[in-house]
């Protein structure tokens, strides 16, 4: 399997996608799919190695789950386009799975294997806005056509580097992209004064957006595999997603703008005055 690690790990969407033509499983230009789905996964230093492992394994398990495979098959075209990358600071995005079509269990298994075997990544700072810009570039150059374009972003802290996240969110939503969130509120990794206790509210007010956008908070890593599976089914099947079972109801869904507006610069404000900790602002 050819990998985009090593010298390609920091490339932007355009060049990385141009080179991804050497990889298997890639579709022809403008192939119709039910949804173009970008999985944007936080690998900032605040997450421990164990948490990074659990996170990867959660996505792998979800892609192999019968519910996800059935959701893909239930669409008009019976296939989706998916890409998976990991992010941290404003200039740290790592491509793990370039745009790939999933049209059945075998395809889903191959994508799961690519995630499972990709080189581990981690970097300092948290730039949700940088991850969203990278995701927007990937969608702009995907080569697919669909009725839905979705960015699924997970993270364990607020934006503290790069553009203001709500400004970038608004730009993506204006272009027809839906952003859903998976705030990780587990407190299992490295805690600091940069954390905020109500990260789910921050994501609901400052990160997600677009028709039907939602947040599924994760308060314990034991919930993570179920949260990922449920989130993927909802994003793939959309309005046709199956009704929740008893286990699903343990994980609340938070809709966009559910409460009074949150301070979307909370992360940046916590970082100010502490630039001496790093070589760069």
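Laboratory data are not the source of any read-out in this text; all were calculated from the coordinates shown. Keep in mind it's a predicted model, so treat the numbers as computed, not measured. Here the Cβ is made from the backbone with ideal geometry for all residues, glycine too, and neighbour counts use every protein chain on show.
Once R0 is set to 51 Å, what does the formula 1/(1 + (r/R0)^6) return for the Cβ-Cβ distance between residue 50 and residue 73, expressed as a FRET efficiency to the nearest 0.05?
0.90
Express in nm, to one decimal, how much length is gained between residue 30 and residue 122 on full extension, taking 0.36 nm for each residue of separation and deducting their alpha carbon distance.
Full extension from residue 30 to residue 122 adds 29.8 nm.
How do 70, 79 line up, fewest other C-beta atoms within 10 Å first? Display every interim value, and only then the final one.
On the way: 70 14, 79 22.
Fewest-to-most ranking of 70, 79: 70, 79.
What order do you get for 204-216, 146-158 when each peptide is scored by the mean count of other beta carbon atoms within 10 Å, highest first?
Those peptides, ordered most packed to least, come out 146-158, 204-216.
Can you sort 117, 83 so the residue with the fewest Cβ neighbours within 10 Å comes first?
Numbers: 117 12, 83 24.
Ascending Cβ contact count within 10 Å gives the list 117, 83.
So how far apart, in nm, are the two label points at residue 171 and residue 222 if each is 7 Å from Cα heading toward Cβ?
Once both label points are built, they end up 4.2 nm from each other.
Taking R0 as 25 Å, what's the FRET efficiency between residue 110 and residue 147 from their Cβ-Cβ distance, rounded to 0.05?
Given R0 = 25 Å and the Cβ-Cβ separation, E is 0.50.
Can you say what percent of the DSSP beta bridges in region 54-195, counting only those with both residues inside, are antiparallel? Round to 5.
About 50 percent, rounded to the nearest 5.
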